[in-house]
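Below is one structure, written out as C-alpha cells; the observations come after it.
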Amino acid sequence: MNYQSSFILLVFLFGSVSAVYAEAEAYPDPQVLIDEMSKASRDLNYDGVFVYTLGKQMDTMRIIHKADVYGSSERLIALTGYAREVIRDKDQVRCFFPEKKAVVVEKSRLRKLISNHLPNPISAISEFYIFELVGEDRIAGLDAWIVNIRPIDKYRYGYQLWIDKKFKLLLKSELKNQLGVTLEQMMFAQLNVLDKIDDALLRPTTASKDFIWYHNQTDDHFDAGESGIQWKATWMPAGFMMSERSKEPMTTSRMPVEHLIYTDGLAMVSIYVEKLTERADVFAKSASFGGVNTHAVYTQEYQITAIGEVPKATVKLMADSVKSYHR
C-alpha cells in the first residue's frame with residue numbers, strides 16, 4: 001500500500017470513528033432523560049390512546065391530560081370492555097361505573113403511568129436501580145429513546161421505558177421480572193401534544209343523575225384509637241420507607257382498615273390490616289396477576305395483606321414481618 005492509499009484509509013477510518021464518537025456524545029444521559037419525562041408528563045397538554053396489558057387481560061384507554069397554573073387534571077376513558085371513566089385532579093379521583101350505576105370518590109394517589117410517580121430527581125433512587133440507555137425505536141409514529149431501569153436486588157422488578165425524543169413523554173413501558181420476562185405493558189397507539197385542552201374534554205360523559213355515590217374518605221390524621229395499637233412492617237427491602245398511613249373503609253369490613261404504604265420511590269407495596277369479626281382458620285394465602293402479587297396472613301383477630309408490583313418474595317416477607325405495637 002503506497003503512502004497516498006494509506007493516508008486515504010487513515011482519513012476514512014478516522015472520519016468513521018469521529019462520526020461514531022460524535023453520535024455517542026449526542027446520546028442523552030438516561031437519568032436526565034427520565035427527569036425530563038416526569039416533567040413533561042406533568043407540564044404538557046396531551047390526548048392519546050394507549051393499550052394496557054396485564055397478564056392475559058388487555059384494555060384500551062384514552063387519556064386526556066391538562067396542565068395549567070392550578071395544577072394538572074386528567075380524564076381516562078375505557079374504550080374496551082365495560083364503560084368506565086376516571087376523572088382525576090390533584091386532590092380527588094372520581095370513578096364512574098355505568099353498569100353498576102355507581103360513582104366512587106376517593107383521595108388521589110399514585111397513578112398507573114410510571115412517569116406520574118417517579119421521584120424527582122430520579123437520582124434519589126440510584127442506589128437501588130441502574131439506569132441504561134439501550135437503544136432507539138419508534139412508537140405511535142414518534143421516535144423514542146429506550147431506557148432500562150434495572151434493580152440491584154431480587155426484591156423489586158425492572159422497567160423498560162420508551163421516551164419520545166421531541167416532547168419527552170412516555171410512549172411505552174414494560175415491567176420485567178429478573179428473567180427479563182414482561183409482566184405488564186403500557187403502549188400508546190396514538191398521542192398528540194396540544195397547546196390547549198378544552199375543559200369540556202375533562203367532564204364525564206356518563207349521565208350519573210341516578211347513580212349511587214360512594215365516598216371512600218381516608219383518615220389522614222391517623223389515630224390508633226382507644227386500644228393504642230398501631231402496625232408496621234419490621235422487614236422491607238433496602239430503600240423502602242413508609243410514605244403514608246391511614247384508616248379507610250373496606251367492602252369486606254364494617255370497621256376501618258389500617259392502610260400502610262411503603263415505597264422506595266418507584267416500587268410500592270400497600271399493607272392492609274383488617275380486624276376480623278370471627279376467628280380465622282386460614283394461615284396464609286397468595287395470589288398473582290401479571291406483575292401484581294399479594295400475600296395474606298392471619299392471626300386469631302386480624303388479616304394482614306400485602307399487595308404490590310414487586311416479586312412474590314417481597315410481599316410475603318413484608319406481610320409476615322408486620323407487627324403490632326403500642327403508640
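Which ones in the range 72-107 are modelled with pLDDT of 85 or more, surrounded by 15 or more Cβ atoms within 10 Å (Cβ to Cβ) and part of a loop (DSSP other than H, G, I, E, B)?
Across the range 72-107, the qualifying residue is only 84.
Restricting attention to the range 150-176, report how many residues are of a type outside the set (Lys, Arg) and in contact with a Pro (Cβ under 7 Å, 6 or more places away or on another chain).
So the answer is 4.
List the number of the failed condition for residue 34; all other conditions in (1) within 21 Å of residue 194 (Cβ to Cβ); (2) at pLDDT 90 or above; (3) not acidic (Asp, Glu) hold.
(1)
Could you tell me whether the range 204-211 includes any residue that is modelled with pLDDT of 95 or more and of a type in the set (A, V, I, L, M)?
no
Restricting the range 297-327 to residues that are crowded, with 16+ Cβ neighbours inside 10 Å and assigned to a loop (DSSP other than H, G, I, E, B), which is modelled with the lowest pLDDT?
This residue is 309.
Those residues that are at pLDDT below 90 and part of a strand (DSSP E or B), I need them from the range 276-287; list them, please. Can you show your working first?
Here is the first cut: in the range 276-287, the ones at pLDDT below 90 are 276-285.
Answer for the range 276-287, where residues must be at pLDDT below 90 and part of a strand (DSSP E or B): 284, 285.
The values are calculated or read from the model by the stated rules, or taken from the named source; none is laboratory data. Remember, it's a predicted structure, so these values are computed and weren't measured experimentally. Quick reminder, even Gly has a Cβ in these numbers, built from the backbone with ideal geometry, and neighbours come from all protein chains shown.
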